[in-house]
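Peer 1: Sharing a structure below in structure tokens format, with a few things to ask.
Throughout, read-outs are computed from the coordinates displayed, never taken from laboratory work. Note that the structure is a prediction, hence the values are computed from the model and not measured. Every residue, glycine as well, gets a Cβ built from its backbone with ideal geometry; the counts of neighbours run over all protein chains shown.
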Amino acid sequence: METKVLEVHTNDSHDPAIQEAIRLLQAGEVVAIPTETVYGLAANALDADMVRKIFVAKGRPENNPVIVHVATAENAKELVTEWPEVAQKLTDAFWPGPLTLVLKKSKAVPDIVTAGGDTVALRCPAHPVALSIIDAVGYPLAAPSANMSGYISPTTAAHVEKSLSGRIPLILDGGPCDGGIESTVLNLTGSQPEILRPGAIDADMLAKVIGAEVVDVSKAKPATADALLSPGQLDTHYAPRTRLVLAEAADIDGVMARAIESGKRAGVIALNAGDKPADGLQRIALPNDPKAYAKDLYATLHKLDEQNLDVIVCELPPDTPEWAGIRNRLLRAGVPA
Ligand code: TXA
Ligand code: MG
């Protein structure tokens with residue numbers, strides 16, 4: 001299949017690129033679209049056959065449920081059997097935005113979306129192109145990240161092309177994503193709200209709105225890929241093909257020195273520029289600020305992964321709530337030194 005890449009110049013649904021995306025979605029196809037976090041691979045969430053095409057294109061196992069994207073909280077309510085007060089508070093505070101809520105699903109949601117489970121993950125993306133498409137088609141869009149399953153998520157149209165070219169008919173190019181890592185996934189179906197996947201909206205921000213402590217359960221690894229837990233919690237996820245070695249700040253210099261000694265061609269991602277890089281070593285400094293770091297992280301991993309290095313060494317940012325999303329992605333993508 002030929003994959004077209006069309007630039008989007010406006011959020012107006014009459015834009016020719018958006019029109020083409022709408023036409024393909026209405027014809028039952030999947031389309032890659034920009035969101036504020038990462039690019040998503042979208043299809044009609046209410047049609048099981050169309051959602052199945054997402055799984056096929058990504059090579060995604062069917063026990064991994066997908067997120068459903070809506071234009072408003074009102075639309076979300078049509079897809080659930082319960083809308084707790086805490087959902088109202090959170091959507092008032094954070095939608096549109098990078099917060100996904102797991103709630104009890106209604107019959108409108110096909111089983112393939114939820115991997116057969118009785119809960120559905122819902123979010124309203126803060127991206128004018130995504131919102132204008134959902135508005136125009138009139139149904140919610142199922143959309144996981146637009147990459148082959150297990151690989152680094154895409155934050156540009158070129159990243160999507162690298163991963164899915166030939167497998168999908170259209171990529172809408174809306175420029176680089178602002179957020180850079182996937183949304184926070186919060187389970188609201190238990191006795192208390194639990195973070196299944198940390199993201200830009202962190203535990204402290206959620207706690208302030210909810211008025212109670214919010215537990216991040218993403219660090220406790222499940223033994224199996226239970227459909228009710230976020231498979232984002234499973235090992236190898238978000239991973240480059242090159243071996244990715246992680247080091248706490250205190251150990252990074254030692255890990256680098258060992259890589260150089262062993263004659264390896266290494267790329268280093270660190271929080272500060274450090275000394276002049278040694279031979280065979282490429283050092284990239286990412287900003288010491290979670291938001292700015294997140295925006296650049298996947299693009300940096302994509303870039304280093306294209307260079308056929310022996311190893312990528314990455315400094316882990318501090319173990320604090322505001323860095324939790326980034327640490328989570330790095331720990332899933334790499335191995336400790
Ligand atoms: O920012 C994002 O969330 C991006 C953009 C495209 O919206 N989407 C995304 O989708 O990251 P995906 O499929 O790559 O990740 C969805 C995560 C997975 O960890 C999945 O297991 C979890 O959400 N999830 C989906 N439905 C769930 C459910 N019913 N219960 C628990 N976790 C669920
Ligand atoms: Mg993904």
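Peer 1: Evaluated at 4 °C with a viscosity of 1.567 mPa s, what Stokes-Einstein diffusion coefficient in µm²/s does the chain have when Rh comes from the Kirkwood expression over alpha-carbon pairs?
Peer 2: The Stokes-Einstein estimate is 64 µm²/s.
Peer 1: Next up: S106: net charge of surrounding residues, Cβ under 15 Å, Lys/Arg +1, Asp/Glu -1, itself excluded?
Peer 2: Once all neighbours under 15 Å are counted, the net charge is -1.
Peer 1: Please list, or write none, the lysines whose alpha carbon is within less than 17 Å of the alpha carbon of K303, excluding same-chain residues fewer than 8 places away.
Peer 2: Straight-line reach from K303, under 17 Å: K162, K295.
Peer 1: Let me ask you something else. Taking every DSSP beta bridge that has both residues in the stretch 3-135, what percent is antiparallel when rounded to the nearest 5?
Peer 2: Restricted to the stretch 3-135, the bridges split so that about 75 percent are antiparallel.
Peer 1: Still on this structure, I have one more. Counting pairs of alpha carbon atoms under 8 Å apart in space and at least six apart in sequence, what relative contact order in percent does the stretch 1-111 give?
Peer 2: Once divided by the residue count of the stretch 1-111, the mean separation gives 19 percent.
Peer 1: Also, quick follow-up: So what is the calculated 222 nm ellipticity per residue for the chain, using -39500 (n - 2.57) for each DSSP H run with n of 4 or more, over all residues, to the nearest 500 deg cm²/dmol?
Peer 2: -9000 deg cm²/dmol
Peer 1: While we're looking at this one, here's another question. If R0 is 25 Å, what FRET efficiency do you get for E213 and A108 from their C-beta distance, rounded to 0.05?
Peer 2: After rounding to 0.05, the efficiency reads 0.15.
Peer 1: Which of the peptides 200-209, 77-86 is most tightly packed, and how do the rest follow, going by the mean number of other Cβ atoms within 10 Å of each residue?
Peer 2: For the peptides 200-209, 77-86, the packing ranking is 200-209, 77-86.
Peer 1: Please give the FRET efficiency for D49 paired with Q88, using the beta carbon to beta carbon distance and R0 = 35 Å, rounded to the nearest 0.05.
Peer 2: Efficiency for this residue pair is about 0.60.
Peer 1: Report the local net charge at L286: Lys and Arg +1, Asp and Glu -1, summed over other residues whose C-beta lies under 10 Å from its C-beta.
Peer 2: That works out to -2.
Peer 1: Something else now. Pulled fully out, how much extra length does the chain show between D204 and T72, if you take 0.36 nm times their separation in residues and subtract their Cα-Cα distance?
Peer 2: Value of the extension gain: 45.1 nm.
Peer 1: Right, here's the next one. Would you please name the GluC sites (Glu not before Pro) within the stretch 280-331 that are DSSP coil residues with at most 12 other C-beta atoms within 10 Å of their C-beta?
Peer 2: Here the sparse-neighbourhood loop sites are E306.
Peer 1: Something else about it: Taking the alpha-carbon centroid of each part, what is the distance from the stretch 147-169 to the stretch 50-99 in angstrom?
Peer 2: 21 Å
Peer 1: Across the stretch 1-45, what fraction of all alpha-carbon pairs, as a whole percent, falls in each successive 5 Å bin from zero upward?
Peer 2: Histogramming the stretch 1-45 at 5 Å steps yields 5, 20, 30, 31, 12, 2 percent.
Peer 1: Cut-off under 12 Å on the C-alpha distance; same-chain residues fewer than 8 positions from K53 excluded. Which aspartates and glutamates are left, in chain and number order?
Peer 2: Excluding near neighbours in sequence, the set is E29, E62.
Peer 1: Radius of gyration and Dmax for the stretch 39-151's Cα atoms, expressed in Å?
Peer 2: That works out to 13.1, 37 Å for Rg and Dmax.
Peer 1: Looking at the chain as a GNM with Cα springs under 10 Å, which of S153, S132, S262 has the largest mean-square fluctuation?
Peer 2: Checking each option, the largest mean-square fluctuation is seen for S262.
Peer 1: Mind checking which aspartates and glutamates have their C-alpha under 17 Å from K107, skipping anything on the same chain fewer than 8 residues away?
Peer 2: D47, D49, E74, E78, E82, D118
Peer 1: Using the basic label-point model (7 angstrom from Cα toward the beta carbon), what is the A220 to R243 distance in nanometres?
Peer 2: Simple spin-label model gives 3.4 nm for this pair.
Peer 1: Subtract the Cα-Cα distance of N308 and S165 from 0.36 nm times their separation in residues, and report this length gain in nm to one decimal.
Peer 2: Going from the current span to full extension adds 49.4 nm.
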